[in-house]
Structure formats: structure tokens, C-alpha cells
Amino acid sequence: MMRIWLQEIRNKNNKSQNDIAKKVGISRVTYTSYELGSRNPSVEVAKRIGKELGFKWTLFFDT
């Protein structure tokens with residue numbers, strides 16, 4: 001299930017997938033898989049993405 005909310009937050013921050021991936025230390029392909037919902041980040045990576053984009057990292061794990 002696609003994470004539209006993640007894409008929307010990233011776009012509001014005027015950041016590319018590549019920008020976020022570089023900042024948090026993952027590949028763009030991996031970040032893309034998080035937006036597509038095909039993978040879940042580790043807690044540590046979720047925290048770094050949340051910090052970079054200004055949202056509560058637990059959103060990744062909300063059902």
C-alpha cells in the first residue's frame with residue numbers, strides 16, 4: 001500500500017527522494033520502496049526520515 005502521506009510531506013518540504021535518501025544515509029531505491037509501501041524502514045531509519053521531514057516517525061508503523 002502506497003504511502004501517499006510520505007510523498008506529500010516530502011513534496012511540501014520541496015525535497016526529492018534522492019535528497020532525503022542522502023540525508024538519512026540510504027539509497028534512493030530504498031527510500032522509494034518506503035514511499036511505495038513495499039518495505040518498512042527500521043526504527044532508526046524511520047526516526048531519521050521523520051526528523052528530516054518534520055513528522056513523527058511512528059507514522060510508518062500506524063495501521
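The values are calculated or read from the model by the stated rules, or taken from the named source; none is laboratory data. In this text the structure is predicted, and so the values were computed from the model without any measurement. Areas reflect the complete protein model, heavy atoms only, side chains present, ligands, DNA and RNA absent. Shrake-Rupley method; radii C 1.70, N 1.55, O 1.52, S 1.80 Å.
At the residue level, LEU36 shows approximately 90 square angstrom of accessible surface with a 1.4 angstrom probe and all protein chains present.
With Rg/Rh (Cα atoms, Kirkwood Rh) defined as stated, name the option among (i) 1.23; (ii) 1.34; (iii) 0.90 computed from the structure displayed. Identified label for the calculated read-out: (iii).
Which ³J(HN,Hα) values in Hz, rounded to whole numbers, follow from the phi angles of region 17-33 under the Karplus curve 6.51 cos²θ - 1.76 cosθ + 1.60, where θ = phi - 60° and Gly and Pro get x? Once θ is set to phi - 60°, the couplings for region 17-33 become 4, 5, 4, 5, 4, 4, 5, 9, x, 10, 7, 4, 4, 5, 4, 4, 5 Hz.
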